[in-house]
Amino acid sequence: MVITTIRVKGMTCDGCVRSVTRALSAVEGVSHVDVSLEKGEAVVTHADSTPVSAIRTAVEEAGYDVE
């Protein structure tokens with residue numbers, strides 16, 4: 001397993017956190033997601049075979065920006 005931390009811009013409430021968590025959890029190979037509104041980041045535990053680009057795309061498709 002690999003742990004990837006990404007900065008997420010545009011989250012303003014707990015609903016945003018749930019949306020990002022839901023989007024990331026749906027990515028194939030993702031086993032755990034921890035999204036922090038305060039830190040503006042998501043920590044994602046995923047399989048080696050899961051590309052970081054898929055994680056970034058899931059956040060962007062949920063309507064948020066990735067740094």
Give me P(r) over the chain, computed from all C-alpha to C-alpha distances, binned every 10 Å, as integer percentages.
24, 61, 14, 0
SASA check, Val2, accessible area w/ 1.4 Å probe, all protein chains in place, rounded to nearest 10 Å², comes out at 50
Could you give the angle, 0 to 90 degrees to the nearest 10, between helix 52-61's Cα long axis and the longest principal axis of the Cα atoms of the chain?
30
Would you mind checking the tilt of helix 14-25 against the longest principal axis of the Cα atoms of the chain, expressed as 0 to 90 degrees and rounded to 10?
10
Accessible surface of the chain [probe 1.4 Å, protein heavy atoms]: carbon and sulfur percent
47
Test of the criteria: in region 1-39, which trypsin sites (Lys or Arg not before Pro) are in a DSSP loop and have at most 15 other Cβ atoms within 10 angstrom of their Cβ?
Lys39
Multiply the residue separation of Thr4 and Ser49 by 0.36 nm, subtract the distance between their alpha-carbon atoms, and state the gained length in nm to one decimal.
14.9 nm
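The values are calculated or read from the model by the stated rules, or taken from the named source; none is laboratory data. Values in this document were obtained by computation on a predicted structure and should not be read as measured data. Quick reminder, even Gly has a Cβ in these numbers, built from the backbone with ideal geometry, and neighbours come from all protein chains shown. Keep in mind that these areas ignore ligands, DNA and RNA; they rest on the heavy atoms of the full protein, side chains included. Shrake-Rupley method; radii C 1.70, N 1.55, O 1.52, S 1.80 Å.
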